[in-house]
């Protein structure tokens, strides 16, 4: 057991997967000698060789296409896109090939690949480096979308994603990469995909969130608790398919639902969660479902980034508003 940051936990999971399964390989821009732009793959080429840790040209479409082809031939590629803002050239391969391969071949072939990408804001990065495109990927049939929110969850969920027989888009909140460390056991144990994590229990309000915003959400829950409002916090972790049953069960208990996400508001994944609550738990609701999110604009970098990013204060204010309903 060791105290690891998220980036260290990801590197540890990649190393474990490569040691246990010779079909696992890593590819991407600068993932070899340089160890990746955030050093997620640092040292892996020295341990496993350049045949399994492959530096690629600067072509996201080629990276995703090679990963699809390798997966179809029985390998388990883990492809890195340097930033989520650079992922769009790979969409053709993800939508038309990775997501459809099992259906297209009537189950003859599968596509056990992982596409990793640092995503989200909070590090004052330049343009194209702070997007939160999770809803776009969640809309693609045949694709899993996984977003860890802590080092331990990053370790277990990445192992599960690599072992999954179908394609996974694994979005890593980069502002959490080195934000804190926690105990991580490198025992090869995966965490379940498609299952939400209950981070806090409460009977007054349910807050649903994921990724880096779990930090501000938990802070908000503590502030609300000091005011006598006990808040349940659910980390979805897997957005596609997400654990709707966990959300519904919590909302049926609390009667109030707040959804917090960093992405722009319109058609963000919070809208899907809100629709699910409306369809399945409307008779339990005491108050309307609320969302706290980013704004419908490009991330206003660098000076207004803090204004765009949802804060614990914004989450607390929304929680107080919901508690006015009786």
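The values are calculated or read from the model by the stated rules, or taken from the named source; none is laboratory data. Just so it is clear, the model here is predicted, and its values are computed rather than measured. Counting neighbours? That spans all protein chains shown, and the Cβs are built from the backbone with ideal geometry, glycine included.
Restricting 71, 17 to those that are under 23 Å from residue 141 (Cβ atoms), at pLDDT 95 or above and part of a helix (DSSP H, G or I) reduces the list to 71. Look at (1) over 25 Å from residue 137 (Cβ atoms); (2) surrounded by 15 or more Cβ atoms within 10 Å (Cβ to Cβ) and you find that residue 228 fails only one, number (2). Exactly one residue out of 159, 223, 199, 218 is touching a helix residue (DSSP H, G or I) at 6+ places or on another chain (Cβ under 9 Å), within 29 Å of residue 22 (Cα to Cα), modelled with pLDDT of 95 or more and surrounded by fewer than 24 Cβ atoms within 10 Å (Cβ to Cβ), and it is 159. Checked against the criteria, residue 26 does not count as touching a residue at least 12 places away in the same chain (Cβ under 8 Å), part of a helix (DSSP H, G or I), surrounded by 22 or more Cβ atoms within 10 Å (Cβ to Cβ) and assigned by TED's automatic domain parsing to the domain that holds residue 149. Taken across region 137-146, residues that are over 21 Å from residue 30 (Cβ atoms) and either in a helix (DSSP H, G or I) or at pLDDT below 95 (or both) do occur, with at least one present.
Note on region 51-66: residues that are surrounded by fewer than 18 Cβ atoms within 10 Å (Cβ to Cβ), out of contact with any helix residue (DSSP H, G or I) (no Cβ under 8 Å at 6 or more places or on another chain) and assigned to a helix (DSSP H, G or I) total 1. Scanning region 216-241 for residues that are touching a residue at least 60 places away in the same chain (Cβ under 8 Å) and closer than 19 Å to residue 154 by Cα yields 216, 217, 235, 236, 237, 238, 239, 240, 241.
Listed here are the residues, each with its yes/no results for (1) assigned by TED's automatic domain parsing to the domain that holds residue 316; (2) in a loop (DSSP other than H, G, I, E, B); (3) touching a strand residue (DSSP E or B) at 6+ places or on another chain (Cβ under 9 Å).
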{"position": "160", "(1), (2), (3)": "no, no, yes"}
{"position": "189", "(1), (2), (3)": "no, yes, no"}
{"position": "212", "(1), (2), (3)": "yes, no, yes"}
{"position": "221", "(1), (2), (3)": "yes, no, yes"}
{"position": "228", "(1), (2), (3)": "yes, yes, no"}
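For region 162-175, residues that are over 10 Å from the mean Cα position of the chain (by Cα) and surrounded by 24 or more Cβ atoms within 10 Å (Cβ to Cβ) total 4.
Does residue 120 count as assigned by TED's automatic domain parsing to the domain that holds residue 27, modelled with pLDDT of 95 or more and closer than 26 Å to residue 311 by Cα? Answer is yes for this residue.
Based on this model, can you work out whether residue 248 counts as touching a helix residue (DSSP H, G or I) at 6+ places or on another chain (Cβ under 6 Å) and not in a helix (DSSP H, G or I)? Spelling it out, it is not the case that residue 248 is touching a helix residue (DSSP H, G or I) at 6+ places or on another chain (Cβ under 6 Å) and not in a helix (DSSP H, G or I).
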